Amino acid sequence: MELQVQLLMNTLQIGSVYVLFALGLTLIFGVMKIVNFAHGTFFTAAALIVASVMMWGIGSMEMSVWLSYVLSFALALVAVCIIGFVVYVGGFQYVLKDLNGSFILSIGLLLLLNGTYLIIWGGVPRSIPAVVPGTVTILGASLTMQRLVLMIVAAVITIGLYILVHRTKLGLSLRAVAEDQEAAALQGIPFRRVALYGFLIGATLAACAGALMATVTPVTTVIGDDFLVKAFIIIIIGGLGSVVGAIIGGLLIALIESFGGYYFDPSTATLVMFALVIVLLIVRPQGILGHAEK
C-alpha cells in the first residue's frame, strides 16, 4: 500500500508540472490555431533565470533562500512575458491560423533562443538549494516539502486558469475566439488582441512550470525541450485546445511514467505513451475531450 501511495505522490508531483506546461501550449493552439514548437523555450528561460537570480540573491545580496526564490520567480515571469510579447509582435501575429507558417517560425525561434541561452548561461547544469526543506509522510509515503509545495502551487495556478477561462470576460473572449474567430469578430471581440492575451497567458504558464521545476531538478539550457515532447503527447491525448483534456492527459502521462517506470523501466513506459498516442490517433484523432473538425 505504501508503495502505491508513493508512486501516486510521484505521479501528482510530475503531473502537476506537465499539466501547467501543456495548458499553456493547448491554450495557444485553441486561440491562435498555431502549433508553437518554441513553447519549451519559455519554460527554459524561467528555470534559468530562477537558478541564476536565486544564487545571486543568496550569495551576493545575502538574502534568505525563500526571499531569493520569490524574487527570482517574479523576475522570471516578467522576463518571459517580455520574451513572449516580442516573439508574438515580431513573428506569431503574422502567422495566426497558419499551421505551416507557425511551424517554420517556431522551429526557427526554438533554435535561436536555445542558442542564445547557451551563449548567456553556458552548458553547465545549475541547481539551487531547497526552498522548503524537510519531508512529510502521507499514508506511509515520504514526500519532500519542496515537492509538496510545488504540487500545491501548480494546483492553485491550474484552478486559477480554469476560473479565468470559464468565469471572466477575458476567458469568455478566449473561448469565443477558439470556437469561431469570425463569429467572435462579428460580436465585437478584437481577435488579435485576444490572441496576444492568450499567447502571453500560455507563455506565463510555461514560465510558472519552469520556475517550479527548477527547485527539484538540475537546470540546463535545453530543459524545456524535454518537457515539450511530453506536452505534445498530453494535448494529443487530451484534445487540442481542451483545458480539461490537458489536465487529464498530463496526469495520465505522469501515471504511466511513475508506475510503468517502477514496475518495468522508463523505456517501456515511453513506448506505452507512444502506443497510446497511436491508438488514439486511429480511434479518436481529436483526443479524449477534443472536437472533430467540421
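The values are calculated or read from the model by the stated rules, or taken from the named source; none is laboratory data. Note that the coordinates shown come from a computational prediction; the quantities given were computed from them, not determined experimentally. Glycine gets a Cβ as well: all are built from the backbone with ideal geometry, and neighbour counts include every protein chain shown. Heavy atoms of the whole protein, side chains included, go into the accessibility calculation; ligands, DNA and RNA do not. Shrake-Rupley method; radii C 1.70, N 1.55, O 1.52, S 1.80 Å.
Percent of C-alpha pairs per 5 Å bin in segment 204-273, short distances first: 3, 16, 20, 25, 22, 12, 2, 0.
Using bins of 5 Å that start at zero, the share of Cα-Cα pairs per bin across the chain amounts to 1, 6, 11, 16, 18, 17, 14, 9, 5, 2, 1, 0, in whole %. Between ILE256, ILE83, ILE120, the residue with the greatest mean-square fluctuation in the GNM of the chain (Cα pairs under 10 Å linked by springs) is ILE120. What is the sum of charges around ILE189, taking Lys and Arg as +1, Asp and Glu as -1, for the other residues whose C-beta is under 13 Å from the C-beta of ILE189? With Lys, Arg at +1 and Asp, Glu at -1, the net is +1.
What's log10 of I(q)/I(0) for segment 1-123 at q = 0.21 Å⁻¹, Debye sum over Cα points only, no solvent? Debye output, listed in q order: -1.17.
Less than 5 angstrom separates the built amide H of ILE138 from those of LEU143, all sequence-distant by 5 or more or on a different chain. Among all helices in the chain defined by DSSP H, which have a length of 30 Å or more along the axis from Cα atoms plus a Kyte-Doolittle mean of at least 1.0? Long hydrophobic helices here: 2-32, 39-59, 65-90, 99-121, 145-167, 191-213. Amide H contacts of MET63: ILE58, each under 5 Å away and 5 or more positions distant or on a separate chain (H built 1.01 Å from N in the peptide plane; Pro and chain starts excluded).
What the chain shows is 47 Å² of accessible area per residue, with the surface traced by a 1.4 Å probe over protein heavy atoms.
The fraction of accessible area contributed by carbon and sulfur in the chain is 71 percent, rounded to a whole number (1.4 Å probe; ligands and nucleic acids excluded). Split the chain at each of the GluC sites (Glu not before Pro) in a DSSP loop with at most 10 other beta carbon atoms within 10 Å, and the longest piece is 63-292.
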